[in-house]
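Every read-out reported here was derived from the displayed coordinates using simple, explicitly stated rules and does not represent laboratory data. Note that the structure is a prediction, hence the values are computed from the model and not measured. All Cβ positions, glycine included, derive from the backbone under ideal geometry; neighbour counts span all protein chains shown.
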Amino acid sequence: MTRIAIIIGSTRPGRKGEAVARWVHKLASQRGDATFDVVDLADFNLPNLDEPVPAAMGSDYVQEHTRRWAETVASYDGYIFVTPEYNHAVTGVLKNAIDFLYHEWRDKAAGFVGYGLLGATRAVEQLRLIMAELHVADVRDQIALSMFTDFVNGVDLAPGDHHEPVLERMLDQVVAWSEAFAPLREQSA
């Protein structure tokens, strides 16, 4: 069965990403066309990129944390990135985690759930550019959760009902595209 990782793109204390990822997981888990797992970057303790050879040059990683992260990323067919926006950009920890690897991301699909003052739309735009470089197909539909309207007092997640149909469409696309790219992944292996 197709496997999709819901990646929490922040490790900051008090982050909202964990609640957002649980919301996505709850809705995604009701589907029967794929399995969905929450992958928390906080569980990997990745330092600033410390591999001596760029990931695009191969996957002969020397660091144990890189090998563990690579094994996790490679085990999925697609991804949902849950990201806040820091200073109009993707979080440093998420960019760092992405940059640790190259081939493990290739020929897969990605969707995005952003949260912030303006729904993390600028961070998601940056992630789309990053995904293109990694040969990851990003789907059109995305969720943009506003701290003003989708969180009670800017703290507790309370997404508007209008987000669920968009999330369903995004999940449809990520699953379909992940399945469509399976022959390419098999060919590369």
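Of note:
- Exactly one residue out of Pro84, Pro47, Pro52 is under 24 Å from Val155 (Cβ atoms) and either crowded, with 19+ Cβ neighbours inside 10 Å or not aliphatic (A, V, I, L, M) (or both), and it is Pro84.
- Qualifying residue in region 155-170 (condition: touching a Ser or Thr at 6+ places or on another chain (Cβ under 6 Å), part of a helix (DSSP H, G or I) and more than 17 Å from Pro84 (Cα to Cα)): no
- Within region 82-122, the residues that satisfy the criterion of being of a type outside the set (A, V, I, L, M), closer than 19 Å to Trp69 by Cα, out of contact with any Gly (no Cβ under 9 Å at 6 or more places or on another chain) and assigned to a loop (DSSP other than H, G, I, E, B) are Phe100, Glu104, Trp105, Arg106, Asp107.
- Thr149 part of a strand (DSSP E or B) and either of a type in the set (Ser, Thr, Tyr) or surrounded by fewer than 18 Cβ atoms within 10 Å (Cβ to Cβ) (or both): no
- Condition met for Glu104 (in contact (Cβ under 8 Å) with a residue 12 or more places away in the chain, closer than 21 Å to Pro54 by Cα and either surrounded by fewer than 18 Cβ atoms within 10 Å (Cβ to Cβ) or acidic (Asp, Glu) (or both)): yes
Every residue, every condition in (1) touching an Asp or Glu at 6+ places or on another chain (Cβ under 9 Å); (2) under 28 Å from Gln187 (Cα atoms), yes or no:
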position: Ala21; (1), (2): yes, no
position: Gly32; (1), (2): no, yes
position: Ala42; (1), (2): yes, no
position: Gln63; (1), (2): yes, yes
position: Arg67; (1), (2): no, yes
position: Thr91; (1), (2): yes, no
position: Ile98; (1), (2): no, yes
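- Residue match in region 155-168 (condition: under 22 Å from Gly14 (Cα atoms) and surrounded by 18 or more Cβ atoms within 10 Å (Cβ to Cβ)): yes
- For Leu27: the one exception among (1) farther than 29 Å from Ser188 by Cα; (2) assigned to a loop (DSSP other than H, G, I, E, B): (2)
- Qualifying residue in region 57-71 (condition: of a type outside the set (Phe, Trp, Tyr), part of a helix (DSSP H, G or I) and under 12 Å from the mean Cα position of the chain (by Cα)): no
- If you go through region 136-173 and keep only what is in contact with a helix residue (DSSP H, G or I) (Cβ under 9 Å, 6 or more places away or on another chain) and closer than 10 Å to Ala109 by Cα, you end up with Val136, Ala137, Asp138, Val139.
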